[in-house]
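Asker: Below is the structure I would like to discuss, written out as structure tokens.
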Amino acid sequence: MSKLQKTEAVTRVDFYSNSGDESRSYDVKAKVTINADGTSSISEGFIRIKGGDATIGTFEKTSAESATYSPTGSVMEQLRIVFPGNPATVAVKAAVNDVCAFIDEVSEMATE
């Protein structure tokens with residue numbers, strides 16, 4: 001029997017990318033926080049042309065703890081995606097799809 005006991009679960013923060021997703025249109029990389037309770041948040045997210053270095057957009061997703069409350073009192077997680085300039089609609093659609101797929105993967109990872 002160990003003399004040590006885990007007294008507190010800690011939050012971990014790592015960078016993740018969608019580089020393993022062969023079907024992606026854009027490279028997505030973000031700083032992901034996995035909280036001790038299994039919730040996650042994403043900050044410092046970047047969207048880049050596949051294989052490129054130039055950032056074409058940024059994003060972040062708040063977790064329930066840092067989310068705002070609606071007028072009815074329910075918790076609302078928030079996703080914010082920013083594309084500077086006036087990007088083509090088709091590019092925005094593909095990039096948003098990649099960001100959403102990335103968020104889905106992070107959500108699944110957080111609950112494991």
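Asker: Is one or more of the residues making up segment 92-102 at pLDDT below 90 and of a type outside the set (S, T, N, Q)?
Answerer: Checked against the condition, which is being at pLDDT below 90 and of a type outside the set (S, T, N, Q), segment 92-102 yields no hits at all.
Asker: Quick test for you: out of Arg48, Arg80, pick the one residue that is within 20 Å of the chain's Cα centre (by Cα), at pLDDT below 90 and not aliphatic (A, V, I, L, M).
Answerer: Answer to the selection: Arg80.
Asker: Between residues in segment 82-104 that are among the charged types (D, E, K, R) and residues that are surrounded by 11 or more Cβ atoms within 10 Å (Cβ to Cβ) and in a loop (DSSP other than H, G, I, E, B), which pairs lie under 7 Å by C-beta distance while being six or more apart or on different chains?
Answerer: From segment 82-104, the pairs are Asp98/Asn18; Asp98/Arg24; Asp98/Ser25.
Asker: Go through the residues of segment 33-40 one by one and say whether even a single one is under 17 Å from Pro87 (Cβ atoms), not hydrophobic (A, V, I, L, M, F, W, C) and not in a strand (DSSP E or B).
Answerer: The first filter runs over segment 33-40 and keeps only residues under 17 Å from Pro87 (Cβ atoms), leaving none.
Among the residues of segment 33-40, not one is under 17 Å from Pro87 (Cβ atoms), not hydrophobic (A, V, I, L, M, F, W, C) and not in a strand (DSSP E or B), which makes the answer no.
Asker: Now a separate question. Just to be sure before I move on: is Ser43 at pLDDT below 90 and under 11 Å from the mean Cα position of the chain (by Cα) in the structure I sent? Lay out the reasoning, then the answer.
Answerer: On the way: at pLDDT below 90: yes; under 11 Å from the mean Cα position of the chain (by Cα): yes.
Criteria met by Ser43.
The values are calculated or read from the model by the stated rules, or taken from the named source; none is laboratory data. The shown structure was predicted, so the numbers you read here are calculated from the model rather than taken from an experiment. Positions of Cβ are generated from backbone atoms using ideal geometry, with glycine treated the same way; all protein chains shown enter the neighbour counts.
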